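Report on the following structure.
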Amino acid sequence: MRRFQFHRDTTRPGFRPGLLVTSGLLILFALSMLIKLKLLHDNLQLPYIDMDATDTLIAAGSLLALSFWVFWLPPRGRFPALAALDVLLTVLIFADLVYFRYFGDFLTVPVLLQAGQVESLGGSIAELLRLKDLWLFADWLLLLGFALWLRTRRRGRQAANAGYSQAGTGALSDSGRGRRLIVRFAAGLLALAIGFSAAFFPIRHASQTWAKNLLENNWWNMSMYNVTGLFAFHAIDAYQYARTAIGKGQELPPERLDEIRAWFDETRASRSGTAQLLGRYKGSNVVMIQGEAFMNFFVGKKVNGQPITPNLDALRADSLYFSNFYHQTGQGRTSDADLGANVSLHPLPSGSVFIRYADNAFDTLPSVLKELGYATNVYHAYDGSFWNRTRMYKQMGYDRFYTEKDYEIDEPLGWSIGDRSFLDQSLGFMEKTRQPFYSFLITLSSHHPYNLALTDDQKLDVGEFGGTTFGDYLQAVHYVDSALGDMVARMKKDGLWENTIFVFYGDHDYSLDEREAAGKIMGRELSDFDYDQLMAQVPLLIHLPDGALAGTREEPAGQLDIMPTLLDLLGADAGDYKLMGRNLLGGDSSGKPLVVLRSGAFTDGEIYYEPSADGVFENGICYDLKTRQKTDVERARTGYEEAVKRLAISDDVIARDLIPKLEAKP
Ligand code: GP9
Ligand code: MN
């Protein structure tokens with residue numbers, strides 16, 4: 001067999017680290033990147049999120065998994081490759097840092113692809129830079145110095161070698177070279193295996209224990225980062241984006257699209273405007289408030305002889321009050337309620353639409369009102385990136401999102417400022433806005449765990465519930481009620497009340513299992529079914545500028561019905577929009593109500609169906625709402641089929657971004 005001779009060309013000396021030196025370089029690279037990650041982390045100043053040993057392990061693992069391949073390069077390419085990787089990752093860290101300073105969030109693929117968001121950083125970039133950020137680039141100086149030194153050394157060697165054309169002595173047999181290749185390959189593979197395991201297993205452990213269903217239920221990019229660290233966060237984001245993009249690209253069978261189109265055509269009248277109301281309040285302002293964990297069971301009730309919601313009770317007297325109004329939220333909680341009310345689509349079975357599909361097209365209340373000439377603003381005194389709001393609100397067509405940064409922290413309470421100050425300051429912003437305006441406000445004080453440090457004059461004497469979470473909850477909602485009362489009083493005083501439709505509803509339940517205590521407030525013992533239904537209900541109040549239509553309406557309604565109802569009042573026919581709610585003021589033309597919850601439970605006002613966990617229709621329970629007893633499940637069959645159909649249509653519309661297709665003119 002012929003043997004090939006390999007010759008080392010010593011006339012081109014370059015920096016050719018062997019495996020050991022390469023490992024050393026890798027360690028140096030990883031150390032410097034770890035320091036940069038720590039610098040970034042310290043800059044974020046996220047409460048309750050620290051960088052502990054596990055986070056460091058994950059970060060080191062991620063770095064190894066990102067750089068293992070340098071072992072597979074020819075020795076001369078290793079140093080430049082690591083230097084390039086250092087530059088790339090440093091730029092990423094720096095970009096995240098600057099983006100975070102502005103948006104309180106990290107860059108994600110959809111953000112990068114949607115130039116507008118980054119654009120809004122615009123001129124303020126310079127203001128976002130700090131001198132101390134230069135530390136992130138400190139190792140670049142070393143890299144540069146080292147590269148220059150190598151160059152000078154090579155020049156020197158080349159000069160010394162000039163005139164010698166002889167081949168060097170480093171000849172290597174092909175078996176020797178083969179061995180080297182194998183060792184190189186094995187070293188790379190080992191680095192990958194160690195890196196991947198160090199990052200993957202702790203993340204998997206967290207997502208199976210305290211951060212359950214991390215991927216599907218990611219409600220805040222920062223909480224994902226808390227578990228995965230920066231690089232894995234970006235990897236997961238890219239993966240999820242690719243998966244969604246592929247899903248979107250897959251053509252929906254044309255029959256399915258026709259089926260969905262047919263459903264929207266058939267239900268057109270149910271959301272359409274009515275001759276008697278359409279546009280009756282054209283040009284009125286709309287102030288809509290979504291109350292955090294604000295349930296219905298205590299509205300109009302007393303504790304220890306004192307009314308819990310005296311202000312809402314007073315408001316109810318000249319408002320439309322829906323006493324069987326359901327929240328239709330899923331895992332996206334507050335963001336799902338927002339979606340229901342402002343987009344009239346069901347939330348997803350997992351995760352939040354705000355997080356997962358913020359770049360899709362929707363027919364939204366702010367965007368439709370904007371077309372009618374409204375100024376549209378949203379107010380929530382908390383971190384703008386929470387629930388991905390900054391991005392979603394932009395997509396929904398709001399002119400401006402007022403976040404905690406816009407508020408003076410003059411009443412620190414709970415997560416942020418107390419709702420009294422929040423509502424008052426928001427009203428101040430509104431009064432400077434051109435009219436007509438649509439203002440959407442999200443309260444926060446009554447957020448779990450409800451242990452607000454209220455002063456004595458803000459408190460109720462909750463008697464036997466004193467010192468319990470349930471008692472704290474009553475205190476919190478009582479405080480929110482009083483904040484609402486102040487706001488209404490100021491609106492009246494400032495002359496806004498007479499030309500504004502004022503809407504208040506609750507976002508979701510209070511996450512407590514307090515059947516007995518709730519029963520005491522309701523004045524009767526609650527059955528399992530009573531409590532399930534109670535947990536699904538929140539209040540809806542609509543106050544019209546002239547106090548018209550006041551009274552309690554008992555038919556079932558849900559958050560998705562808010563948008564078509566308001567559009568009717570304001571003179572926009574909701575028929576053509578792809579909304580899944582019903583015009584609550586449409587009378588007979590709106591047809592029979594059917595309120596579908598994300599769990600698959602539904603009610604038509606006569607029965608209430610609770611699905612069984614196995615998903616088999618017959619195993620679900622059907623209650624007769626008159627007797628409140630179990631009844632023949634067959635009575636729920638038609639409603640069940642329609643409920644399942646609606647949820648599937650909503651899911652397809654959202655996940656496949658169907659609205660542009662459905663609304664495209666043939
Ligand atoms: C935070 C707030 C709370 O901004 O909306 O969200 P939740 O935890 O209720 O879904
Ligand atoms: Mn909430």
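The values are calculated or read from the model by the stated rules, or taken from the named source; none is laboratory data. Given the structure is predicted, the values throughout are model-derived calculations rather than measurements. Note that each Cβ is placed from the backbone with ideal geometry, even for glycine, and that neighbours are counted across all protein chains shown. Side chains included, ligands, DNA and RNA excluded: accessible areas come from the protein's heavy atoms. Shrake-Rupley method; radii C 1.70, N 1.55, O 1.52, S 1.80 Å.
Side notes on the structure shown:
- Among the candidates Gly506, Gly485, the residue that is away from ligand 1 (no atom under 16 Å from the Cβ) and open to solvent by less than 60 Å² (accessible area, probe 1.4 Å) is uniquely Gly485.
- Count of residues meeting criterion [modelled with pLDDT of 95 or more, assigned to a helix (DSSP H, G or I) and open to solvent by 30 Å² or more (accessible area, probe 1.4 Å)] in segment 600-633: 0
- Residue within segment 349-363 that is assigned by TED's automatic domain parsing to the domain that holds Gly581, under 22 Å from Gln435 (Cβ atoms) and of a type in the set (Phe, Trp, Tyr) present: no
- Given (1) farther than 23 Å from Gly305 by Cα; (2) buried (at least 24 other Cβ atoms within 10 Å of the Cβ); (3) more than 16 Å from ligand 2 (Cβ to nearest atom); (4) among the hydrophobic types (A, V, I, L, M, F, W, C), number of the condition Leu474 does not satisfy: (1)
- Filtered residue count, segment 287-296, keeping only those that are within 16 Å of ligand 1 (Cβ to nearest atom) and in a loop (DSSP other than H, G, I, E, B): 4
- One residue from Ala643, Ala636, Ala648 being at pLDDT 90 or above, farther than 23 Å from Ala262 by Cβ, in a helix (DSSP H, G or I) and under 34 Å from the mean Cα position of the chain (by Cα): Ala636
- Checking each residue in segment 495-529 for being within 16 Å of ligand 2 (Cβ to nearest atom) and under 30 Å from Gln435 (Cβ atoms) picks out Phe504, Tyr505, Gly506, Asp507.
- Considering each residue of segment 71-80 in turn, none proves to be in the same structural domain as Thr228 (by TED's automatic domain parsing), touching a residue at least 12 places away in the same chain (Cβ under 8 Å) and of a type in the set (A, V, I, L, M).
- Some residue of segment 272-286 being in a strand (DSSP E or B), out of contact with any Gly (no Cβ under 7 Å at 6 or more places or on another chain) and closer than 30 Å to Arg582 by Cβ: yes
- Applying the condition of being of a type in the set (Asp, Glu) and more than 29 Å from the chain's Cα centre (by Cα) to segment 259-296 and asking which residue is surrounded by the most Cβ atoms within 10 Å (Cβ to Cβ) yields Glu259.
- In segment 297-397, counting only helices (runs of 4 or more DSSP H) that sit wholly within it, the ones holding 2 or more residues that are open to solvent by 10 Å² or more (accessible area, probe 1.4 Å), away from ligand 1 (no atom under 16 Å from the Cβ) and not basic (Lys, Arg) span 310-317, 365-371.
- The listed residue being away from ligand 2 (no atom under 16 Å from the Cβ) and at positive phi, out of Ser323, Ser344: Ser344
- Strands (runs of 3 or more DSSP E) lying entirely in segment 479-585 (those with 1 or more residues that are assigned by TED's automatic domain parsing to the domain that holds Phe422 and under 26 Å from the mean Cα position of the chain (by Cα)): 500-506, 540-543
- Selection status of Gly156, modelled with pLDDT of 90 or more, under 14 Å from Phe15 (Cβ atoms) and open to solvent by less than 100 Å² (accessible area, probe 1.4 Å): no
- Residue pairs meeting the criteria (Cβ under 7 Å; at least 6 apart or on separate chains; first at pLDDT below 95, in segment 503-524; second away from ligand 1 (no atom under 13 Å from the Cβ) and among the polar types (S, T, N, Q)): Leu512/Thr469
- Segment 427-459: number of residues that are over 25 Å from Thr376 (Cα atoms), out of contact with any helix residue (DSSP H, G or I) (no Cβ under 6 Å at 6 or more places or on another chain) and within 16 Å of ligand 2 (Cβ to nearest atom): 3
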